[in-house]
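The values are calculated or read from the model by the stated rules, or taken from the named source; none is laboratory data. Source: prediction; values computed, not measured. Positions of Cβ are generated from backbone atoms using ideal geometry, with glycine treated the same way; all protein chains shown enter the neighbour counts. Heavy atoms of the whole protein, side chains included, go into the accessibility calculation; ligands, DNA and RNA do not. Shrake-Rupley method; radii C 1.70, N 1.55, O 1.52, S 1.80 Å.
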Amino acid sequence: MPFTVTEMAVSLWKNLLQTTKERILQQRRMSLYNGAHGYDEELLKKKLQQFAGGSINLSKEDNGIGILTLNNPKLMNAFTGTMMVELQERVTELENWKDGKGLIIYGAGNTFCSGSDLNAVKAISNSQDGMNMCMFMQNTLTRLMRLPLISVALVQGKAFGGGAELTTACDFRLMTPGSEIRFVHKHMGLVPGWGGAARLVRIVGSGAALQLLSGAAGVDPERALHLGLSEETLSSSDETGALEEAQAWLSQYTEGPATVIQAVKKVVTAGRELPVEAALRTEKDVFGTVWGGPANLQALVRRPKHK
């Protein structure tokens, strides 16, 4: 039985959608580093897995919001080697979540993250291992930042060092009363290595970023709001209440079909990261995946009035 014109149009749209999705996904997963940079990911992962402890847990809710939990409360959720590897695995899982719209990252035990587990850091303190860890975490957090999900860091307690860097890989930050973000790297004789400096400059500007990194001072919720580092100070300090508030805050931006929310995030990511010509081409490609799609056709039937 021959295709009707409508069926052919739907078939062409589906093929375009799949091709564009595959290309954009491949671009998001592309590694920043390779063997030419002295980077050996598989060897590093074997070394990291020697330093066990804690976990990175992910739950995917029916409303399209994922909850990623840093779970190592006895060390203020510091990243062990296995947690670094697990974070990469969870990011891969989120990249493949077709129904996902939003993501909340928070730490178990009413604190966010104190950075790297010093036991692992000491054990791989030679220069090449340190550089490989830097490249590994930059790759993972860049993929996290590029997820087609609207992401929020829920900061309770302390977000220090690598934990502060992790907050900058999210689209937004929400803080609870008494919480603190601090880039303590200077006191460790270091600078951020997980991409936190580059992202911080984009969030607060170069002057404020220079102050936060060179002063290594804590940023409380009030100052974070002033700097634009935080979107809102939540009213609840306990874990359950803060999570509920964070979900309510995020849900105002994730209402609607997953295809549309993901498309919005993709065009914003392109606009932030690409030269304008490339960003425009990406916007055109993403537009093509939603034009004539189910949500677009339903809206045309409803003829919504915008007030």
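Some notes on this structure:
- Count of residues meeting criterion [within 29 Å of residue 258 (Cα to Cα) and among the small types (Gly, Ala, Ser)] in region 77-118: 4
- Cross-chain or 6+ apart pairs with Cβ under 8 Å, region 90-118 first and over 23 Å from residue 183 (Cβ atoms) and open to solvent by less than 20 Å² (accessible area, probe 1.4 Å), then in a helix (DSSP H, G or I) and among the aromatic types (Phe, Trp, Tyr): 102/253
- Being over 27 Å from residue 64 (Cα atoms) and in the same structural domain as residue 74 (by the TED database) is true of residue 215.
- Subset of region 209-231 (residues that are assigned to a helix (DSSP H, G or I), open to solvent by less than 20 Å² (accessible area, probe 1.4 Å) and within 23 Å of residue 138 (Cα to Cα)): 209, 212
- Considering only residues in region 169-204 that are at positive phi and touching a residue at least 12 places away in the same chain (Cβ under 8 Å), the one that is most open to solvent (accessible area, probe 1.4 Å) turns out to be 178.
- Screening 139, 126, 132 for residues that are more than 21 Å from the chain's Cα centre (by Cα) and over 21 Å from residue 102 (Cβ atoms) leaves exactly one candidate, 126.
- Filter pass, residue 74 being farther than 24 Å from residue 244 by Cβ, open to solvent by 20 Å² or more (accessible area, probe 1.4 Å) and assigned to a loop (DSSP other than H, G, I, E, B): no
- Selection count where residues are under 21 Å from residue 96 (Cβ atoms) and not in a loop (DSSP other than H, G, I, E, B), scope region 250-272: 15
- Residue check for residue 198: farther than 19 Å from residue 76 by Cβ and in a helix (DSSP H, G or I): yes
Yes/no matrix, rows are residues, columns are (1) in contact with a helix residue (DSSP H, G or I) (Cβ under 7 Å, 6 or more places away or on another chain); (2) within 28 Å of residue 50 (Cβ to Cβ):
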residue	(1), (2)
107	no, yes
110	yes, no
144	yes, yes
150	yes, no
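- Within region 40-57, being in a loop (DSSP other than H, G, I, E, B) and over 21 Å from residue 77 (Cβ atoms) holds for one residue alone: 40.
- Check on residue 295, out of contact with any Pro (no Cβ under 6 Å at 6 or more places or on another chain) and not in a loop (DSSP other than H, G, I, E, B): no
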